Amino acid sequence: MLQRFFIGCSGADTRILDDCSSGERTKYVGIGATVFFTAVMAFIASAYALFTVFDNVVIALFFGVVWGLLIFNLDRFIVSTLRKRDRLKSEFLQATPRILLALIIAVVISKPLEMKIFEKEINQVLLEQKNTLTLANKEQISLQYQPSIASLEQEISGLKAEIATKETETDALYDTYIAEAEGREGTLLLGKGPVYKEKREKHDASLAELQALKERNRQKINAAESRIAALEEAYAADVTQSQPVIDGFDGLMARINALGELPWFPSFFIFLLFLAVETAPILVKLMSPKGPYDLKLEDEESAVRTWVLQKVQQREQLLATDIAINKQVYGKIEEEKVVFAHKKERAAELMRLQADAFHKLQAKQL
C-alpha cells in the first residue's frame with residue numbers, strides 16, 4: 001500500500017510500472033517519497049509563515065495545506081513530464097526550466113523554516129530595531145511639542161529674571177537707607193533724618209512693587225507651567241498611542257529583513273539543503289539510465305503519435321480525393337442539357353408564383 005502511494009506520488013504510470021522489475025519500481029518509490037516529503041516540508045514552512053502573518057492556527061493550517069498540495073502537484077508534474085532522452089545534453093535542456101522552478105520553490109520553502117530556526121536571533125534583531133524606532137518615534141513626536149514647551153520655559157525664565165532684577169533693585173534701596181541711618185553713606189549723619197525717610201520711602205515703594213510683581217508673575221508662571229504640563233501629557237499620550245504600532249513590528253516582512261541582517265552562511269546552508277531536496281527527483285531521473293519503464297512509456301507514446309499521424313494523413317487524403325471526385329461529378333452535370341432544361345423550368349415556375357403572390361398582395365391593399 002505504501003509502495004503504491006509513493007509510486008502515485010511520482011506520477012508514474014502504474015499499469016506500465018507493474019510489468020517492470022522490482023528495482024525499477026523501487027526507483028520510482030524513492031522519487032515519489034521525495035516528492036511527498038517535499039510537500040510536507042512546504043506545508044510546515046508555509047503554515048508557520050502564515051501563522052506569523054495572521055496569528056491564527058486554523059487559517060495557517062488551512063492555507064498551509066493548500067500550499068503543500070500546490071507544491072506536491074508542481075513537483076509531481078515536473079517529475080512525471082521529464083522524459084529520458086538518448087543524450088544527456090538534451091535531457092538537461094529539457095530539465096532546465098524545471099530546475100529553475102525547483103530553485104524558486106526551494107527559496108519559498110526554506111525562508112519560513114530559516115525564520116523558525118533562527119527565531120531567537122531574529123527576535124534580538126527586532127528588539128534592537130524596536131528600540132531604535134521607539135527613540136526615533138519619541139524624537140519625532142517631540143518636534144511637535146518641544147518648540148512650544150521651550151517658548152513657555154523661556155517665558156518663565158524671563159518672568160523669574162524680572163522678579164530677580166526687582167529684588168536686586170529693592171535690596172539695593174534697603175542697603176542705601178540703612179547706610180544713611182548708620183551714617184556710613186549719603187549725608188554721613190547718624191540717625192533717621194529727612195534723607196533717611198526719603199530713601200526709606202523709595203525702598204518701601206519698590207518693595208510694594210516687588211510684591212505686586214511677584215503676585216502678577218506667579219500667576220503667569222503657574223499658567224505657563226500648566227500649559228507645559230498639558231503639552232507633556234499630550235506628548236506622553238501620543239507616544240503611548242503610537243507605541244503599539246512599534247510593538248507590533250514583528251510581521252513576516254520585518255522578520256525576513258531581520259533574517260537578512262544575520263550572517264549569511266547558515267541561512268545559505270539551509271537553502272542549499274532544501275534546494276537539494278527539491279531538485280533530488282529531477283536529478284535522480286537525469287542521472288539514472290534509461291530503464292524498462294522509460295522504454296515502454298516511449299513505445300506507447302510513439303505508437304499513439306504514429307497512429308494519430310496516420311489518421312490525420314488519411315483524413316487529408318480522403319478530403320483531397322472527395323474534392324477531386326466532386327469536381328468531376330459537378331463538371332459532368334454542368335454539361336448535361338436535360339439538367340439545364342429542368343432547372344430552367346423550375347426557375348420559371350418559381351418566378352410565376354412570386355408574381356402571383358405579389359399581385360394578390362397589391363390587390364388586397366387597394
At R0 = 51 Å, FRET efficiency that the Cβ-Cβ distance of Asp322 and Glu261 yields, to 0.05: 0.10
Kirkwood hydrodynamic radius over Cα pairs of the stretch 121-176, then Stokes diffusion coefficient at 10 °C and 1.306 mPa s, in µm²/s: 105 µm²/s
Phe269-Ala150 pseudo-label distance in nm [points 7 Å out on the Cα-to-Cβ vector]: 5.2 nm
Spin-label pair Glu232/Val312, simplified geometry with 7 Å Cα→Cβ offset, distance in nm: 8.8 nm
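Rounding to the nearest 20 debye, state how big the charge dipole of the stretch 221-297 is about its Cα centre with +1 on each Lys and Arg Cβ and -1 on each Asp and Glu Cβ.
Working: 5 positive and 9 negative charges, 190 e Å.
Result for the stretch 221-297 is approximately 920 debye, rounded to the nearest 20.
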Cα-based helix-to-principal-axis angle, 264-287 vs the chain, degrees rounded to 10: 0 degrees
Local electrostatic count at Gln154 - Lys and Arg +1, Asp and Glu -1, tallied over other residues with Cβ under 14 Å: -1
Candidate aspartates and glutamates - alpha carbon under 20 Å from Lys89, same-chain residues fewer than 8 apart omitted: Asp294, Glu298
Debye log10 I(q)/I(0) for the stretch 132-252, one point scatterer per Cα, at q = 0.09, 0.14, 0.17, 0.22 Å⁻¹: -0.50, -0.74, -0.88, -1.10
Nearest 10 degrees, 0 to 90: helix 119-182 Cα axis against the chain principal axis: 20 degrees
Cross-link table Lys27/Lys296; Lys160/Lys220; Lys166/Lys199; Lys343/Lys364, entries beyond 22 Å C-alpha to C-alpha: Lys343/Lys364
Residue order, fewest to most beta carbons within 10 Å, for Tyr196, Tyr145: Tyr145, Tyr196
Lysines whose Cα lies under 18 Å from that of Lys138, excluding same-chain neighbours fewer than 8 positions away: Lys130
In degrees, nearest ten, helix 57-80 long axis to first principal axis of the chain (Cα): 40 degrees
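So what is the diffusion coefficient of the chain in µm² per second by Stokes-Einstein at 25 °C and 0.890 mPa s, using a Kirkwood Rh over Cα pairs?
Answer from the Stokes-Einstein relation: 76 µm²/s.
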Label point distance in nm, Gln354-Val304, each placed 7 Å from Cα along Cα→Cβ: 5.6 nm
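Every read-out reported here was derived from the displayed coordinates using simple, explicitly stated rules and does not represent laboratory data. Treat the numbers as computed from the prediction; the structure is a model and nothing was measured. Neighbour counts are summed over all protein chains in view; Cβ atoms, including those assigned to glycine, are modelled from backbone coordinates with ideal geometry.
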